[in-house]
Amino acid sequence: MSLTMRGRSERSDDESVFDDATDATANVPAVPQGSSLELASPMPRYDDLPWEITESLRTIVNRYELRTADSLPTSIAVTSALAGEGVTTMSQALATLIAQEMGRFVCWVDCGWLTGRTGASVAGQPDLLDLLDDLAQIHSAFQTAPDLPGLISLAPGPVPESKRNLIVRSPAFERLLRVLTQEFDHVVFDLPPVLSSANSLAMLRQADASLFVVRHRSTTVAQLRRAIDSTQPTPNLGIVINRYRTSIPARVRRLLDA
Amino acid sequence: VSSDTLVPVAAAPPRSTTLGRAFWWRLADNFFRRSIWFLLPVLAMGAFGVMQALNTKALYRTSATLSAGSNPLLPEQSVNAGGDARLWETPGAQTARIIGERLGTDAFLRDVAESAGLGEALESGLIDIDVVRASVWAADSGDTLLSINATWEDPKTSFELVASTIDEYGRYLTETVTTDAVEAEAFWTERLDTLQAELSVAEEELGDYAASLPPLREGQDYPPDVTINIERLSGNLEAVEAQVRETEAQIDTAVLTQSQQATEAGRSYNVVDQPRQPEAPESTLMKKAMLVVSFVLMGFVIALAALLLTTALDRSIASAADLSGFVGLGQIATVAPLKQVRGRRRERSRGERGRRARNRPAAAGVA
């Protein structure tokens, strides 16, 4: 099944930017059906997602839609204040959840290259620099989940340090992001921590909403407050407290809740 | 989805947005997460208290009851118009307070200890003065009654401490009351010595002058100038003699005053119940229990201080209540650690396997 055949769930194939004759991606080859390319950051299977993670994300998504009476934003940046909070797991789970449960066409984008913390690019796949040079190669960079065709991942591999800062604000990169947000129902960005990467803040300009992941008993309240303040005015979907483990007995919790 | 899989969501922090609620969540989480560490000081102090209680020695207690109608050391009390009756102090309380104050001084207490036979032990450092201080005390037990109490490891010393305290108090009372009279006696005695020296000089001058005069023949008189000198010297001698007599009278008065005041001081109190040497030590059960409870309470205080300190110093996110100040509670979700999740999943699947095995038809089981 080709990308152009799937397109945005609510848009016809004719409207797809990939079919635009004037677009550089018009002649890109379609992603082969049932692609089995080895993933740099393998997407989890929907059935393998821990119930607690999906339930938490489901809660945040549902509450957001209930609160705003609006559908989920197109581009969502999942980030944290500090490194090692579980952003990749949450962002992948969110993308999988949206693709599976909402039947949307979702692209998960690994932005680890912003800080150099990303896996090596897969042999034979174009990296980010290749994509920026020739957007037509984007189909070759996409990887589909084996059991979920509506979920595409884009992990463009490492980028030389000298070029990272230039790329973030380059027109070519903005065009790539525009293509992604136009072509997919939802784009989920896996962003590096905002307190340690200024480029993450620049990326947040491209996102419609942010979702913060904090690790229980790791990030301080002040750090998270600073991180959320720094992402303003990007709307915040919510905060996932990861690895939340409390030793408070249920009875005491009920008392504290009362 | 079974009910236990709902635990992480149920464990989600409270709906309150107040900082106070966040603090209680943080405090509770801190306590239950490190409960062993916070119980440690309680257990350690409790164990220490038990050890102290086991080392507690049985003490012999002696008491004596004194009756005090008034106290000559204090001015007469009166409640005038506008005065505060709450400041009224009974004679028993006055005397007990004064004895307590004296026992607080090292000089008085050393006198008591020496009289009780503890002088050598104090000098050699075997016993600290504060140990003696903690062993003797006075307490009022009515308007005019007070008790002097002492505890010691042996009954004799306990008895001696009470007896010597009463004696030393009596001595102190007498000394204090008669101070003015004693000083007056000392003053007049010193004055008497001076006057007696002057008297000797005057007698010697008169004698020497008389010896220097030529013998008179019968019917002959001394010349007028000699007569005047003799009269002058005689006058001096008489004047000094008069002063000596007056000084001796003053001394007698001072001695009499001392005697009267000492008698009055002695009358200001009397021993109603004489101290008796105890035959058995007093029970230490209550003391031991109080010792253990005190140490356990001290452990609780230490644990509480540690709990508050670690809670105040730990600023990491402990619950959703910490975040409710700057994001809506509806935006917060919690995820349990995957290890915990997998553990529960294993338990669930194990339980399901067990249920399936129990529900399997007998025929299938045989097959």
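Quick notes on this one:
- Exercise: per-residue mean of other protein chain Cβ atoms within 10 Å, A:52-59: 6
- Remark: accessible surface ordering of B:TRP88, B:TRP137 (largest first) is B:TRP88, B:TRP137, probe radius 1.4 Å.
- By accessible area with a 1.4 Å probe, ligands and nucleic acids excluded, highest first: order of B:SER234, B:SER324: B:SER234, B:SER324
- A 1.4 Å probe, protein heavy atoms only, puts the accessible area of A:ARG169 near 150 Å².
- Backbone amide hydrogens, once placed in the peptide plane, bring B:THR334 within less than 5 Å of A:ILE241, excluding anything fewer than 5 places away on its chain.
- Using all pairs of distinct alpha-carbon atoms, the Kirkwood hydrodynamic radius of the range A:76-192 works out to 14.5 angstrom.
- Hydrodynamic radius (Kirkwood) for the range A:131-258, which is based on Cα pairs only, to one decimal in Å: 17.5
- Stretched out straight at 0.36 nm per residue, the stretch from A:ASP229 to A:ARG178 would grow longer than its current Cα-Cα span by 15.8 nm.
- The mean number of partner chain beta-carbon atoms within 10 angstrom of a residue's beta-carbon across peptide A:218-226 is 4.
- Bridge type composition, the range A:102-249 - antiparallel percent by DSSP, nearest 5: 20
- Efficiency of FRET between B:MET51 and B:ARG267 - r from beta-carbon atoms, R0 60 angstrom, step 0.05: 0.75
- Gain upon complete extension [B:GLU204, B:GLU114; 0.36 nm per residue less C-alpha separation]: 27.3 nm
- Restricting the range B:141-248 to GluC sites (Glu not before Pro) that sit in a DSSP loop and have at most 14 other Cβ atoms within 10 Å of their own Cβ leaves B:GLU153, B:GLU218.
- Using a simple spin-label model with pseudo-atoms 7 Å out from Cα toward Cβ, B:MET290 and B:TRP88 lie 3.1 nm apart.
- Inter-centroid distance (Cα atoms) of the range B:215-280 relative to the range B:46-75, Å: 49
- In the range B:153-219, one over the average inverse separation of all distinct C-alpha pairs is 17.3 Å, which is the Kirkwood hydrodynamic radius.
- FRET efficiency, B:ASP252 to B:LEU74 (Cβ-Cβ, R0 30 Å, nearest 0.05): 0.55
- Partner shielding of A:84-90 amounts to 1, given as the average count of beta-carbon atoms from other chains within 10 Å of each residue beta-carbon.
- Scoring A:88-98, B:293-303 by mean Cβ neighbours within 10 Å over their residues and listing the highest first yields A:88-98, B:293-303.
- Using a Förster distance of 35 Å, the FRET efficiency for B:LEU39-B:ARG171 (Cβ separation, nearest 0.05): 0.05
The values are calculated or read from the model by the stated rules, or taken from the named source; none is laboratory data. No experiment lies behind these values; they were computed from the predicted model shown. As a convention, Cβ positions derive from the backbone with ideal geometry for all residues, glycine included, and neighbour counts pool all protein chains shown. Only protein heavy atoms, including side chains, enter the accessible area calculation; ligands, DNA and RNA are left aside. Shrake-Rupley method; radii C 1.70, N 1.55, O 1.52, S 1.80 Å.
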